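Below: the structure, in structure tokens.
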Ligand code: AGP
């Protein structure tokens, strides 16, 4: 996720672009830059937040320009990899939000044609493609360049001597803002609200030419499109969080897109093959903290099911100081921030033990990426809320992909089984969207139970760690004492805690443990505790056993943790809202824990 913005008008573009860019900083903040068309075409960019760019940049003169704030996905967060990118002539500049999945092939062919690249990014190929296709009209060049790229994108292009911005999108957002004698483009209308509230949404495959006095949209076939602007009623305050009251809620709602991005160009492989070459792993150890640890626990079930190799999971601070057993596992370190001190220490320890290491991280170029042999990025985009939500779900996606690779490598997974898993992975954004569509129902339910002091979460098999994660979310956001248990363990002690005042959230999807789960739910009800179940749509039997139900779409059980955790994230969020908690910044905890 990155943010792009463009301005074509009569005023000096530089301060306007910077101002708009700051409102997009939630979309990325590892580097930023802008390109201004004045007497010539000037590009300035730098590593770090927009404030760093602002402090270091020269005054640039010109009334047309584009700007970008980056969240790295391909290529480290450096000045060289910051946008905008120029072509070989330096006469055009582009910015991009998205991922070009076939960039390696395109780059190779452009290099063979003599193009010179200055960065490691996927984006730069588009600058050279537009250069190669330019025959005098920028819009035509963009149309032709698009024929050679796959993936998701919102691009904006400017060129020397022209008053136009040409922009296009596919599955990444793009809006045009209409002013008087000036027009804008942006990834998010919230960036433009200070200047205009009249917006035109650009659709997938369309290309738009924006100048100070005109906006021309063409569809994929090159036909002119007429679209009425919409009047937006949001104020600037709403804009900070894209209209959501909290970053946590916004990030929960971004999950279909985050899953989609994390799968893009990867369902056939997560690029681990070269890393695997010659190494057959007979066991895996996953090491992480907090929510990432729970993702690891889910990963154990996934890898054991798909790749049939034993997996152990350990908390980073415990692993670091444990004694090394004789085995030589593949060690997988999961950390969204990539900066968690305990997990960094664990990575060093794994190296010391001579183990091969893979990191699963969300922040490109973060410290963990320098400590491991191979990195799988989760592509969730920046997560601002302290509670991990979309990074957890995309960690699960990375683990499904890794498990499939391990399964293929050791021949436990057939090509046909893999194809069917890929189909299920591709359906996950829809299953998540179904849950999001029930937000109001979940809010009403959460308000009913929000006064509880204690709350228990039970699950079995692959949904046992999801019960743990649901409990953690409830603790950290809603300040309710939440505890997760494997449902079969209740009778070995925890049943003693139950009463009518302690609601129990039971995950009861139809898998091989379903009947046992119904038995555990009966044990709970017999102690007078209200039960809120999460089950598969249409399960009338389950509804008879419990007080309330949150439904998720029926999908193969190995994938059920994804929609189920989204339901529990909303549950925790609405409990916290009903209790008036400071949701994005819960007391006593930090987003990134850089101390031991
Ligand atoms: C989860 O909501 C937490 N804020 C916390 O448990 C977090 O997952 C943990 O600190 C690990 O962070 P990391 O993924 O950045 O390493």
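The values are calculated or read from the model by the stated rules, or taken from the named source; none is laboratory data. In this text, all values refer to a predicted model and were calculated from it rather than measured experimentally. So basically every Cβ, Gly included, is an ideal-geometry build from the backbone, and we count neighbours across all protein chains shown.
Here's a check for you: in the range 319-336, which residue that is within 14 Å of the ligand (Cβ to nearest atom) and over 13 Å from residue 368 (Cα atoms) is surrounded by the most Cβ atoms within 10 Å (Cβ to Cβ)?
319
Looking at (1) within 16 Å of the ligand (Cβ to nearest atom); (2) modelled with pLDDT of 95 or more, can you tell me which one residue 556 breaks?
So the condition that residue 556 fails would be (1).
What's the total number of residues in the range 357-371 that are more than 13 Å from the ligand (Cβ to nearest atom) and modelled with pLDDT of 95 or more?
2
Provide a single number: the residues in the range 103-116 that are surrounded by fewer than 18 Cβ atoms within 10 Å (Cβ to Cβ) and over 28 Å from the mean Cα position of the chain (by Cα).
Looking only at that region, the number is 7.
Mind checking whether some residue in the range 476-486 is within 16 Å of the ligand (Cβ to nearest atom), more than 23 Å from the chain's Cα centre (by Cα) and in a helix (DSSP H, G or I)?
Yes: the range 476-486 contains one or more residues that are within 16 Å of the ligand (Cβ to nearest atom), more than 23 Å from the chain's Cα centre (by Cα) and in a helix (DSSP H, G or I).
For the condition in contact with a helix residue (DSSP H, G or I) (Cβ under 7 Å, 6 or more places away or on another chain), within 30 Å of residue 585 (Cα to Cα) and within 11 Å of the ligand (Cβ to nearest atom), what is the one hit in 394, 389?
Only one candidate qualifies: 389.
May I ask you to list the residues in the range 425-453 that are free of Cβ contacts under 8 Å to residues at least 60 places away in the same chain and crowded, with 18+ Cβ neighbours inside 10 Å?
Answer for the range 425-453, where residues must be free of Cβ contacts under 8 Å to residues at least 60 places away in the same chain and crowded, with 18+ Cβ neighbours inside 10 Å: just 452.
Please go through the range 171-188 and give me each residue that is under 15 Å from residue 94 (Cβ atoms) and assigned to a strand (DSSP E or B), ordered by number.
Within the range 171-188, 185 is the sole residue that qualifies.
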